[in-house]
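> Shown below is the structure under consideration.
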Amino acid sequence: MKKLGFILVLFLISFATFSQKNDSKNRPPWVNGSLPSNSATYNYKVVQGDGNNLSDAKNNAVEALIVDLGSEQGVTVSSETILKTQTLEKGNDQTFTADYTTNSKIVQDDFIAVFSRVDEYYETMSDISGNRFYRVWRLYGIGPKSKSIPEIAYSNKYSFQDAGFRSLIIPGWGQFYKKTNGKGIIFATAAVASIGTFIYADNEHAYNINRSNETSNLDLKKAFAARAGDYTTIKNLCLGAAAVTWVLGTIDAISTEGTLKYDNSSLRLGLAPSMDKYINLSINYNF
């Protein structure tokens, strides 16, 4: 039994370490498949490109965009159009800002595409042979009004409202929500172990109390009472461990960074005329 427990502990530590290393904490959420909400006037699209250098990877991402848009319109896009778009996007690299003021319009016979590059992210990676290459992800807004897309803000800070209360309910839930899976496994395992051991100790305590009450042998009464006392100590330790797990899990959920997420909290000020000829100041804060 002890050997099995030791193996289980090693497995959990190894799995937690592996999960922690593979948490892509610095990737924007759209790279991991969580796109911003589309609008009636534009929609988002993610494309990916690989290359031996960063420039080739970006060109391949642009090619993937044009091929996808052409496929959606039932058009085979020419290589000249792809090259034109790659050249145009390379020029936009010099003026690309978070305001998305530059959009691109590509026209080829029956193919028309209007889009703005909203964000870009890249990593250096290795193939199975150990050869290094670049992988670029690009987020585009597609549509004639795509340059009116609002700025996307990110944050890796989590509050009690989104992560803390989850860990307060179930240890580890807040960490899983933040995609720090290794910590989530540790807190969840600690909670299950402490509660499970408490239940076991409580049953053994009740059993020994009953046996002590049933026997008339004074030595046995003392032995059963001593065992019951030992299990009472274990119960108290388990309660303490559970409380510490809950508290530390909640504190960790709100005090440490997680994966990047969309930061929807913003303070907006607005002035609007009223019917009585006064100017009203409005303040909106989105949580």
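> Which residues, taken from the stretch 51-83, are of a type outside the set (A, V, I, L, M) and surrounded by 15 or more Cβ atoms within 10 Å (Cβ to Cβ)?
Gly51, Asp56, Lys58, Asn59, Asn60, Glu63, Asp68, Gly70, Thr81
> Scan Val118, Val192, Val136 and give me the residue that is in the same structural domain as Ala40 (by TED's automatic domain parsing), at pLDDT 90 or above and surrounded by 14 or more Cβ atoms within 10 Å (Cβ to Cβ).
After applying the criteria, what remains is Val136.
> Looking at the structure I just gave you, is Thr41 of a type in the set (Ser, Thr, Tyr), surrounded by fewer than 13 Cβ atoms within 10 Å (Cβ to Cβ) and under 18 Å from Lys145 (Cα atoms)?
yes
> When Ala98 is evaluated against the numbered criteria (1) at pLDDT below 80; (2) in a helix (DSSP H, G or I); (3) among the small types (Gly, Ala, Ser), which criterion, by number, is the only one it fails?
Only one criterion in (1) at pLDDT below 80; (2) in a helix (DSSP H, G or I); (3) among the small types (Gly, Ala, Ser) is unmet by Ala98, namely (2).
The values are calculated or read from the model by the stated rules, or taken from the named source; none is laboratory data. Predicted model only: the values in this text are computed from it and were never measured. Using ideal geometry, Cβ is built from the backbone for each residue, glycine included, and neighbour counts are taken over all protein chains shown.
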